[in-house]
Amino acid sequence: MLSGPRTAPDRAKLPFCHESFHNLQELRHSASLANKVFIQRDYTEGTICKFQTKFPSELESRIERTLFEDTVKTLNNYYAEAEKIGGQSYLEGCLACTTAYLIFLCMETRYEKVLKKISRYIQEQNEKIYAPRGLLITDPIERGMRVIEISIYEDRGSSGSSSGSSSTSSTSGR
């Protein structure tokens, strides 16, 4: 076992731990943040967690309208599923009361399970659809369930073609 600092050849032998996130991290490092688009909550049906499906004009040249709308509609369906009150939610509430909420130390709620499903869905959409187009969706849970944030990235190599707009927008995005 080495006790001193690792040398460059030693570091090369270390395994790459986050291989599944490689493309997303590569996008963040090799491209500059040009802009962010925020999809607001839709309160027309009350306070249920639902996001607007209106297509932002900033995304017109980046992604097809149907792909964007499908993503938002799927997220809205997942949030509706999470907030649905049924027998399982009722049982979880009863168990929580009878155990002074200690049950939640060893049990995951249905709501938490659906939130994990949403995170996996967003990760999958980023890898398959959004990242190849220079876009990244941020999980709404990271923004307090208020907005869906979509970051728009520009390739640093292609900044010469629109140098005026990319230098202005990249400084405002940081």
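The values are calculated or read from the model by the stated rules, or taken from the named source; none is laboratory data. Just so it is clear, the model here is predicted, and its values are computed rather than measured. Glycine gets a Cβ as well: all are built from the backbone with ideal geometry, and neighbour counts include every protein chain shown. All accessible areas refer to the heavy atoms of the entire protein, side chains included, with ligands and DNA or RNA removed. Shrake-Rupley method; radii C 1.70, N 1.55, O 1.52, S 1.80 Å.
Looking across segment 76-106 at every residue that is without any contact (Cβ under 8 Å) to a residue 24 or more places away in the chain and among the small types (Gly, Ala, Ser), the one that is least open to solvent (accessible area, probe 1.4 Å) is identified as Ala96. Scan segment 43-55 for residues that are without any contact (Cβ under 8 Å) to a residue 24 or more places away in the chain and surrounded by 15 or more Cβ atoms within 10 Å (Cβ to Cβ) and the total you get is 3. Within the option set Thr138, Thr109, being closer than 23 Å to Lys36 by Cα and either open to solvent by less than 50 Å² (accessible area, probe 1.4 Å) or aliphatic (A, V, I, L, M) (or both) holds for one residue only, Thr138.
For the condition surrounded by 14 or more Cβ atoms within 10 Å (Cβ to Cβ), assigned to a loop (DSSP other than H, G, I, E, B) and modelled with pLDDT of 60 or more, Ile39 does not qualify. On inspection, Ser61 passes the criterion of being open to solvent by 60 Å² or more (accessible area, probe 1.4 Å), closer than 30 Å to Asp155 by Cα and not acidic (Asp, Glu).
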